[in-house]
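Contents: one structure, followed by commentary.
The values are calculated or read from the model by the stated rules, or taken from the named source; none is laboratory data. All values reported here derive from a predicted model rather than from experimental measurement. Here the Cβ positions follow ideal geometry from the backbone for every residue, glycine too, while neighbour counts run over all protein chains shown. The area values use the complete protein model at the heavy-atom level, side chains included, leaving out ligands, DNA and RNA. Shrake-Rupley method; radii C 1.70, N 1.55, O 1.52, S 1.80 Å.
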Amino acid sequence: MSPSGSSRHTGTRPRGSRVGRALASAALALVPLAAVPAAPQVAHADTAGALAACRRSESADFGIGDFRVYGNGGGGIPQGSNPPNLLQDGDVFLLLSSSYYKVKFDSWPWGPSYPPDGNGVPAPSTGWPYPGSLEYSAILRFNNDPGGWVGPIHQATAFGGCTVWSGPPVRLLFGVNDPNPGDNSGYWSFGFYLYRASTH
């Protein structure tokens, strides 16, 4: 007996039965639909396509040509006091720094000015906001709203090549590795370019 309780027939329907032929044809027509899933309504995410577009310098899905990280306050991408998450898992991004713009690191006229990599000296373990990162440099951290910090602290200049983001949705928050940023002036300039996996 079949699960439904009705008797199961193992023989074929008579050849002369029009109803049987019609039912058999209908059953065969449905087989491919049952075996192949329906086509999705939106394109699948394709990190490889986004990475290739980035490497070919194609137009980005989102870009900022002159994003400024201020020496006395940092910044964020997207901008704003509480920016939304921007990078999604599988997206590709590029963060290009300019060495032309520098931050001046005290209020004295003869005080030093540094590019985004600071003075090239790793900060000691005490007295600095980002120990081990370069002194007086631009710092990048990834942050999920509302989950908090994601991954380690990075030099902002570490992402000059096409980078695949793997992780939860995040925004990019920038800081300055200086024990006293309040007397700083000037800014660093970055170009930020995002290639979404969902559009490639």
Quiz item: How many of the residues making up region 152-179 are surrounded by 15 or more Cβ atoms within 10 Å (Cβ to Cβ) and either touching a His at 6+ places or on another chain (Cβ under 9 Å) or assigned to a strand (DSSP E or B) (or both)?
Solution: 12
Quiz item: How do the pairs read when you match residues in region 53-81 that are farther than 17 Å from Ser97 by Cα with residues anywhere that are open to solvent by 30 Å² or more (accessible area, probe 1.4 Å) and among the acidic types (Asp, Glu), using Cβ under 8 Å and keeping only pairs 6 or more apart or on different chains?
Solution: Asn72/Asp183
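Yes or no, residue by residue, for (1) touching a Ser or Thr at 6+ places or on another chain (Cβ under 6 Å); (2) farther than 23 Å from Ser133 by Cβ:
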position: Pro83; (1), (2): no, no
position: Leu87; (1), (2): no, no
position: Lys102; (1), (2): yes, no
position: Trp108; (1), (2): no, yes
position: Tyr114; (1), (2): no, no
Exercise. Determine whether region 81-91 contains at least one residue that is outside any loop (DSSP other than H, G, I, E, B) and hydrophobic (A, V, I, L, M, F, W, C).
Key: yes
Practice problem: Give region 87-121 a look and list any residue that's among the hydrophobic types (A, V, I, L, M, F, W, C), open to solvent by 60 Å² or more (accessible area, probe 1.4 Å) and modelled with pLDDT of 95 or more, or say none. | Solution: Leu96, Val121
